[in-house]
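These notes concern the structure reproduced below.
The values are calculated or read from the model by the stated rules, or taken from the named source; none is laboratory data. All values derive from a computational prediction rather than experimental measurement. Quick reminder, even Gly has a Cβ in these numbers, built from the backbone with ideal geometry, and neighbours come from all protein chains shown.
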């Protein structure tokens with residue numbers, strides 16, 4: 001195993017997950033705040049498209065070792081975006097980081113192919129996801145970009161420095177590619193499932209009915225299983241069987257309850273499938289394949305919001321908003337449609353949120369009281385007034401990034417899907433005047 005190559009890739013994937021999460025957060029909350037989903041998607045797609053030009057940029061400015069050049073540039077952006085706290089600048093840096101990471105990814109895969117180590121890209125992806133989960137657990141669910149002050153600066157600088165050092169130690173001058181073409185397509189779907197389901201601590205916590213630590217432990221265990229499976233399963237179990245079992249497990253996880261534990265075999269299977277795809281293909285079209293996967297990631301991420309479960313959850317939020325505004329009939333209709341879909345899916349966590357039992361007899365919804373800190377109550381009141389994060393930060397003399405952290409905590413405590421729903425819940429439950 002090429003240790004520097006794997007470590008540089010692991011840190012790169014870790015930074016990538018952070019960067020993608022921050023990128024979408026900046027699109028939704030800062031740039032296209034309160035806009036229609038179509039507008040949000042177009043803004044994100046415009047930035048994403050620049051990232052997909054990596055092959056052209058590498059030919060023009062990548063030099064003989066583009067992976068090292070992009071790693072250095074990404075490291076600089078990571079540190080700068082951590083130090084500077086300004087609404088517009090932070091969003092711009094988040095977009096720039098996402099673009100450069102998309103340039104780095106195929107360059108890293110191509111570097112692994114030149115060294116005949118394409119399977120190790122899968123190990124790096126698993127390790128990077130594991131580091132992301134461990135970091136969130138250490139920070140009570142927060143990513144490094146959301147840390148403020150010297151602690152955040154130090155973490156970003158150390159991470160960026162390690163990334164650059166290991167990348168430099170693992171790269172060689174340009175040479176012939178010895179593997180990977182179509183197999184790199186699998187990276188995008190792999191990351192999509194990690195960010196939206198299997199390694200999403202908040203989602204797994206909700207589905208399993210666990211606390212944060214338990215959800216993190218389950219995910220961490222699943223990623224350890226993935227790392228072990230990459231080494232043990234290939235050659236012993238037919239890949240079609242691995243694919244079938246993995247698919248069934250991924251589908252089972254969103255049903256919640258004990259089915260959430262299906263994340264364990266799902267992660268193991270995904271790791272094996274990614275490793276096999278990367279190792280089984282050979283060719284010179286690594287950039288094209290990697291960007292095909294990146295495009296799938298983008299499409300899947302936005303399409304996920306139209307999935308039945310997400311649609312039912314959205315209708316549940318709409319019912320709460322309509323109830324708070326006095327539209328009893330509209331609220332009842334939205335709630336009943338959400339309940340019908342949730343029952344079809346067997347999604348008991350969503351049914352509990354709707355105040356319904358899995359059976360046919362509805363039960364009245366119960367208001368859940370939450371405990372907000374004085375600062376959270378203050379920010380929630382301003383959110384209910386329609387203020388943006390930047391406006392709240394300027395009024396309270398705190399950074400936009402700090403406001404974003406508080407808003408995220410508020411949404412989590414209220415189990416709200418967005419600012420409008422949070423305001424409606426707050427008024428309904430008497431949390432604000």
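Of everything listed in (1) outside any helix (DSSP H, G or I); (2) at pLDDT 80 or above, the single unmet condition for residue 380 is (1). With respect to (1) over 30 Å from residue 413 (Cβ atoms); (2) surrounded by 22 or more Cβ atoms within 10 Å (Cβ to Cβ); (3) more than 17 Å from the chain's Cα centre (by Cα), the lone exception for residue 186 is condition (3). Please find, among 124, 138, 71, the residue that is under 26 Å from residue 201 (Cα atoms), assigned by TED's automatic domain parsing to the domain that holds residue 276, surrounded by 20 or more Cβ atoms within 10 Å (Cβ to Cβ) and under 22 Å from the mean Cα position of the chain (by Cα). Only one candidate qualifies: 124. Just one of the listed residues (369, 352) is over 22 Å from the mean Cα position of the chain (by Cα), closer than 29 Å to residue 208 by Cα, at pLDDT below 80 and outside any loop (DSSP other than H, G, I, E, B), and it is 352.
Contact annotation: residue pairs with Cβ atoms under 8 Å, 6 or more positions apart or on different chains, pairing a residue in the range 372-385 that is without any contact (Cβ under 8 Å) to a residue 24 or more places away in the chain with a partner that is in a helix (DSSP H, G or I) and exposed (fewer than 14 other Cβ atoms within 10 Å of the Cβ), are 382/395. Determine if the range 18-40 includes at least one residue that is buried (at least 17 other Cβ atoms within 10 Å of the Cβ), closer than 30 Å to residue 399 by Cα, at pLDDT below 95 and more than 18 Å from the chain's Cα centre (by Cα). Yes, the range 18-40 has at least one match.
With respect to the conditions (1) over 30 Å from residue 231 (Cβ atoms); (2) at pLDDT 95 or above, residue 74 lacks only one, and its number is (1).
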